[in-house]
Amino acid sequence: MNFSQEDIQQIKAQGISLAEIEEQIDNFVKGFEFMNLDRPATIGDGIKTFSDREIDDFATYYKSGKLNLKVMKFVPSSGAATRMMKDLYTFVNEYKDESLTPLTSFPSAEKVITHIEDFAFYSLLKEKMKNNDIDLEKTLEKQDYKTIIEFILLEKGLNYGKSPKAWILFHKQGKQALTPFEEHLLEAAHYCACKETAKIEFSILEEHREGFEQLKKELVPKYEELFNIKYDISFSYQQHSTDTIAVDMDNNPIHTKDRKLLFRPAGHGALIENINKLSADIIFIKNIDNVCSKYREETYKYKEFLGGVLLFLQKEIFSLQEQLSKKEIVKQDLILIYKTLKNKLGFLEVKSIEDFKTTKQYQAYLSKFLDRPLRVCGMVKNEGEVGGGPFFVRKDNKVSLQIVEKAQVNLNNQEQKEIFEKATHFNPVDLVVSFRKADGKKYNLLSYIDKQAGFISEKSFEGQNIKAQERPGLWNGAMSDWITIFVEVPLTTFNPVKTITDLLKDPHL
């Protein structure tokens, strides 16, 4: 690819090497490989379940074990509410009046109007309209629905159409209305607080920093006093060096009107760079919109449970690594380690000694198998959710547990389609991770990425069809080579908000 000197200077300023740009363009040309699904992970075959007693025991184990550790929460929070409000924008653009296009033609807008008083943001909406000399109740009586929806979406009102989800009033709690940002403060106080400090990092867009800082200023002192703790809140951005170049449909780099190369954010997989810079023994990862005031106590318990599973596994792994570090180790000891890994710890993909010519080779294999970052992933029963799920994936003569998105599967292949459709569970993005070694040093997470697990999608730029490239997803290819355990958790711990009407429903009734 021939780049001008101006292009090369821009690439360098972006913090990306020319070799990486060439690699990205090569990905556009060749495409990414589909995942080769071996079978879905199911209960008893890839997904572990525990009794109520075991769940309580693991939660207790976590609560005592975390006292001498650094624990934190990482919350991807850059998502804007644009998609959440998509149907309301359609309504604003297409609705004329009741005689031409009745409200019933727009189911989402109709539901919002019909249940307007049930939304947590109702009082604030009413206040914003009053500040503009508009009475909300009278506007409803006049059937001026468009004005109400505009005050939800636009800057003259709540400005929710351009706000991050983190700022939107999601839930009522008595007379209070809570944002997801506030809900995550509550969660962190209950299961992340160590030595009277709760640490959270929110990944955000740089242009939203001021708004997040304002929320922090308003809310943190209240909860510090309520829980008698201190919050350590930090914000990070998706780095520009993780952006990917955009190309036209013939795979030529796109230039803007001012002759600049077009770069695009490369999806949540780029956040592995942010996580790699964190310093903690245990990190809980959970999306900004997966919060629910109704099931808080159960959520707290299951987070502690997942934390306990991780601490137990880590302790066992460190013990096995110590055994494997011995120069002289007999075949029977290696067989016992294999049985511990497969039967006690549930690492079903571990190979047996029969696959190796010598005990030394098997010892080296087991050592390498255990010498990786660790993640415990909560999985919920799939009740029609669209998104990623847990599977056994075959690659390079190796089978491993992976979270796989629909876009990664060749659905034109009947066998692969059938395997994908047999999935029983869904990935709610409910992870507890650790990338500390036994000696306290950190793994370099960038060494465990499957670079061929990216995505290519078609977008539009200034009326032109273009191709965009996403890096391997944060909990997909970016964590491809981690030690992975899938654990079933109840649906009550999964409460995402993808559309505005999700704020009205209890998905578990």
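So, in the range 343-391, how many residues would count as being over 22 Å from residue 434 (Cα atoms) and of a type in the set (Phe, Trp, Tyr)?
Adding up the residues that qualify gives 2.
All but one of (1) farther than 24 Å from residue 35 by Cβ; (2) open to solvent by 70 Å² or more (accessible area, probe 1.4 Å); (3) without any contact (Cβ under 8 Å) to a residue 40 or more places away in the chain; (4) of a type outside the set (Phe, Trp, Tyr) hold for residue 397, so report the exception by its number.
The one condition residue 397 does not meet is (1).
In the range 110-133, what residues are assigned to a loop (DSSP other than H, G, I, E, B) and open to solvent by 50 Å² or more (accessible area, probe 1.4 Å)? Walk me through it before giving the result.
As a first pass, look at the range 110-133 and keep what is assigned to a loop (DSSP other than H, G, I, E, B): 115, 119-121, 132-133.
Of everything in the range 110-133, those that are assigned to a loop (DSSP other than H, G, I, E, B) and open to solvent by 50 Å² or more (accessible area, probe 1.4 Å) turn out to be 115, 132, 133.
In the list 86, 63, 96, 73, which residue meets the criterion of being touching a Lys or Arg at 6+ places or on another chain (Cβ under 8 Å), farther than 30 Å from residue 415 by Cα and of a type in the set (Lys, Arg)?
Exactly one of 86, 63, 96, 73 is touching a Lys or Arg at 6+ places or on another chain (Cβ under 8 Å), farther than 30 Å from residue 415 by Cα and of a type in the set (Lys, Arg), namely 73.
Return a yes/no flag: does the range 57-65 have any residue that is farther than 30 Å from residue 166 by Cβ, within 26 Å of the chain's Cα centre (by Cα), open to solvent by 50 Å² or more (accessible area, probe 1.4 Å) and free of Cβ contacts under 8 Å to residues at least 60 places away in the same chain.
No: the range 57-65 contains no residue that is farther than 30 Å from residue 166 by Cβ, within 26 Å of the chain's Cα centre (by Cα), open to solvent by 50 Å² or more (accessible area, probe 1.4 Å) and free of Cβ contacts under 8 Å to residues at least 60 places away in the same chain.
Find the residue count for the range 15-30, including only residues that are open to solvent by less than 40 Å² (accessible area, probe 1.4 Å) and aliphatic (A, V, I, L, M).
Kept after step one, since they are open to solvent by less than 40 Å² (accessible area, probe 1.4 Å), are these residues of the range 15-30: 16, 21, 24-25, 27-28.
Those still in the list that are aliphatic (A, V, I, L, M) too: 16, 21, 25.
Qualifying residue count for the region: 3.
Pairs please, first residue from the range 115-139 and of a type in the set (Lys, Arg), second anywhere and not in a helix (DSSP H, G or I), Cβ atoms under 6 Å, 6+ apart in sequence or on different chains.
So the pair list comes out as 128/157.
Condition first: in contact with a strand residue (DSSP E or B) (Cβ under 6 Å, 6 or more places away or on another chain), closer than 19 Å to residue 501 by Cβ and surrounded by 14 or more Cβ atoms within 10 Å (Cβ to Cβ). Can you find one or more residues in the range 190-200 that meet it?
No.
Regarding the range 297-308, can at least one residue be identified that is open to solvent by 30 Å² or more (accessible area, probe 1.4 Å), outside any helix (DSSP H, G or I) and more than 21 Å from residue 69 (Cβ to Cβ)? Spell out the reasoning first.
If we filter the range 297-308 for residues that are open to solvent by 30 Å² or more (accessible area, probe 1.4 Å), which is where we start, we get 297-298, 301.
The next check asks that each one be outside any helix (DSSP H, G or I); those that pass are none.
No: the range 297-308 contains no residue that is open to solvent by 30 Å² or more (accessible area, probe 1.4 Å), outside any helix (DSSP H, G or I) and more than 21 Å from residue 69 (Cβ to Cβ).
In the range 318-351, which residues are in a helix (DSSP H, G or I), touching a residue at least 24 places away in the same chain (Cβ under 8 Å) and either of a type in the set (S, T, N, Q) or over 13 Å from residue 485 (Cα atoms) (or both)?
If we filter the range 318-351 for residues that are in a helix (DSSP H, G or I), which is where we start, we get 318-324, 331-344.
Within this subset, residues satisfying the condition of being touching a residue at least 24 places away in the same chain (Cβ under 8 Å) are 318, 320-322, 324, 331, 334, 337-338, 340-341, 344.
Scanning the range 318-351 gives 318, 320, 321, 322, 324, 331, 334, 337, 338, 340.
Being on the phi < 0 side of the Ramachandran plot, in a helix (DSSP H, G or I), surrounded by fewer than 16 Cβ atoms within 10 Å (Cβ to Cβ) and touching a residue at least 40 places away in the same chain (Cβ under 8 Å): is that true of residue 12 here? Outline the logic, then answer.
Details: on the phi < 0 side of the Ramachandran plot: yes; in a helix (DSSP H, G or I): yes; surrounded by fewer than 16 Cβ atoms within 10 Å (Cβ to Cβ): yes; touching a residue at least 40 places away in the same chain (Cβ under 8 Å): no.
Judged against the criteria, residue 12 is not a match.
Any chance you could count how many residues in the range 402-421 are part of a loop (DSSP other than H, G, I, E, B), out of contact with any helix residue (DSSP H, G or I) (no Cβ under 8 Å at 6 or more places or on another chain) and at pLDDT below 95?
Residues that pass the stated criteria total 1.
Restricting attention to the range 355-383, and to residues there that are in contact with a Phe, Trp or Tyr (Cβ under 6 Å, 6 or more places away or on another chain) and either without any contact (Cβ under 8 Å) to a residue 60 or more places away in the chain or assigned to a helix (DSSP H, G or I) (or both), which single residue is nearest to residue 447 (Cα to Cα)?
This residue is 362.
Select from the range 174-188 the residues that are farther than 13 Å from residue 286 by Cβ and among the small types (Gly, Ala, Ser) and write down the one among them that is nearest to the chain's Cα centre (by Cα).
Top of the filtered list is 177.
Please enumerate the residues belonging to the range 70-94 that are closer than 30 Å to residue 435 by Cβ, over 17 Å from the mean Cα position of the chain (by Cα) and either free of Cβ contacts under 8 Å to residues at least 24 places away in the same chain or crowded, with 23+ Cβ neighbours inside 10 Å (or both).
Step one: list which residues in the range 70-94 are closer than 30 Å to residue 435 by Cβ, which gives 70-80.
This time we only want the ones that are over 17 Å from the mean Cα position of the chain (by Cα), so: 70-71.
Passing the criteria: only 71.
Can you confirm whether residue 284 is within 26 Å of residue 165 (Cβ to Cβ) and among the aromatic types (Phe, Trp, Tyr)? Write out each step before concluding.
Values: within 26 Å of residue 165 (Cβ to Cβ): yes; among the aromatic types (Phe, Trp, Tyr): yes.
Answer is yes for this residue.
If residue 64 satisfies all but one of (1) among the polar types (S, T, N, Q); (2) touching a helix residue (DSSP H, G or I) at 6+ places or on another chain (Cβ under 6 Å); (3) under 25 Å from residue 434 (Cβ atoms), what's the number of the condition it fails?
(2)
The values are calculated or read from the model by the stated rules, or taken from the named source; none is laboratory data. Since the structure is predicted, the reported quantities are computational estimates derived from the model, not experimental observations. We place every Cβ from the backbone using ideal geometry, glycine too, and count neighbours over all the protein chains shown. The accessibility values were calculated without ligands, DNA or RNA, using every heavy atom of the protein model including side chains. Shrake-Rupley method; radii C 1.70, N 1.55, O 1.52, S 1.80 Å.
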